[in-house]
Amino acid sequence: MQNHRKALLHLKRDPVLSQLISKYGVIHYSKSRDYFKSLVYSIIEQQLSNKAAETIYKRFLKLFLHRKFTPELILATPQELLRGIGTSWAKARALHDLSQKVLDKSVQLENLESMTDEEIINHLTQVKGIGRWSAEMRLMFSLHRPDILPLDDVGIQNAFVKHYSLNRKRKNFSKKMQKIAQNWRPYRTLACWYLWKSLDNA
């Protein structure tokens, strides 16, 4: 992420984030350039623990020679076989739909860099099984867009409950999250990386 030092100084104005930054130091994730691969993993990992997602993804890779897959190879793999490695039928259909849309150019991954955040979300959610959350994860971890706040992410919600004493049962829970995070702009992505990190040993 660009201007990392500037972002950290900005976020340290928040007492909670200041403590987390002091505790964990610099957090940085490698930027993914293989957007198709990252979207495939995003579909597989939905609603699963990290461990379960990794297990199924390893089974998925074993379906292909040298563990290399392409849209063509995924489409040539029957959905029944994808279901057999532990994915749901919905995810098997989503993997086929993503592959088909990449091949017919309905989804143009090579153009993502030139799109705005909302344009990317709208573009990716054309695919069955890719919702706003999945698109936001790709914005944060593949494209390193600096100012993403995934309000529907359970981990981020848990962090707001833990660190900011919010009540997720209140109707204004999301609005309060947004209000707190407003002070983090334009570095909300980095702030969220620290909030996730704070839950690792929770």
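The values are calculated or read from the model by the stated rules, or taken from the named source; none is laboratory data. Nothing here was measured: the structure is a model prediction, and the numbers come from that model. For neighbour counting, all protein chains shown are included, and Cβ atoms are generated from backbone atoms with ideal geometry for every residue, glycine included.
Of all residues in region 62-72, which are assigned to a helix (DSSP H, G or I) and surrounded by 14 or more Cβ atoms within 10 Å (Cβ to Cβ)?
P71
Those residues that are among the basic types (K, R) and outside any helix (DSSP H, G or I), I need them from region 148-202; list them, please.
Scanning region 148-202 gives R168, K169, R170, K171, R185.
In this structure, does P186 turn out to be modelled with pLDDT of 95 or more and surrounded by fewer than 13 Cβ atoms within 10 Å (Cβ to Cβ)?
yes
Any chance region 99-108 includes a residue that's touching a helix residue (DSSP H, G or I) at 6+ places or on another chain (Cβ under 9 Å) and under 25 Å from A52 (Cα atoms)?
yes
Which one is surrounded by the fewest Cβ atoms within 10 Å (Cβ to Cβ) among residues in region 10-43 that are in a loop (DSSP other than H, G, I, E, B) and β-branched (V, I, T)?
Among residues in region 10-43 that are in a loop (DSSP other than H, G, I, E, B) and β-branched (V, I, T), the one surrounded by the fewest Cβ atoms within 10 Å (Cβ to Cβ) is V26.
Are there any pairs with C-beta distances below 7 angstrom linking a residue in region 73-88 that is under 20 Å from E54 (Cα atoms) to a residue that is modelled with pLDDT under 95, with the two at least 6 apart or on different chains, and if so which?
T87/I44
Residue pairs, Cβ under 8 Å, 6 or more apart or interchain, first in region 174-197 and under 22 Å from L143 (Cβ atoms), second in a helix (DSSP H, G or I) and of a type in the set (K, R). List them.
Every condition considered, the pairs that remain are A181/R188.
Residue under question is L112, and the condition is that it be over 22 Å from Q178 (Cα atoms), part of a helix (DSSP H, G or I), touching a residue at least 60 places away in the same chain (Cβ under 8 Å) and of a type in the set (A, V, I, L, M); does it hold?
Against the criterion (over 22 Å from Q178 (Cα atoms), part of a helix (DSSP H, G or I), touching a residue at least 60 places away in the same chain (Cβ under 8 Å) and of a type in the set (A, V, I, L, M)), L112 qualifies.
Say whether the condition of being within 17 Å of K37 (Cα to Cα), among the hydroxyl-bearing types (S, T, Y) and surrounded by 14 or more Cβ atoms within 10 Å (Cβ to Cβ) is met by at least one residue in region 150-164.
no
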